[in-house]
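Below you'll find the structure, written out as structure tokens, and then a few comments.
The values are calculated or read from the model by the stated rules, or taken from the named source; none is laboratory data. Model, not experiment: these values are computed from the prediction. Every residue, glycine as well, gets a Cβ built from its backbone with ideal geometry; the counts of neighbours run over all protein chains shown.
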Amino acid sequence: MRGKTRAGLTIEDIRAVLAVEGDGTVSVLRKRLALVGEEIQALRLKQRVLAGMLSAHAAGGVPAMMDKDMWVEMLRAAGMDDNAMCRWHSEFERRAPDAHHAFLLSLGIDEKEALLIREWSKANSPASGT
């Protein structure tokens, strides 16, 4: 990482720490600590998903059932944020509504929630203007 220290601070961050006494220094360090915490959380999630995939492979294949939580974890581990997931659902609903519905049910989502997700997908699609 060019321009960053081992703590992940840029030269500008270090200048701010050195130039300001008191709360300014603490603020810069707290901000960096929070970012490191978020990075660790994201890495742990990726680690859990990869470990699950390795376990499934060792057991002879993919899990018999992918549940909603595992699917969301995999999407997040792949770098998808809430907006990207919204676009994914909207596009799935637009292109193949019956398949989208069947997929949602295959994740163990009940009928009522599946219908709510589909309505939400339609309402948030680019074609709807939102």
Any pair with Cβ under 7 angstrom, 6 or more apart, that starts in region 75-95 at a residue that is at pLDDT below 90 and ends at one that is in a helix (DSSP H, G or I) and of a type in the set (D, E, K, R): ALA77/LYS46
Of all residues making up region 38-69, the number that are acidic (Asp, Glu) and modelled with pLDDT under 75: 0
Residue that is nearest to the chain's Cα centre (by Cα), among those in region 75-130 that are surrounded by 13 or more Cβ atoms within 10 Å (Cβ to Cβ) and outside any helix (DSSP H, G or I): MET80
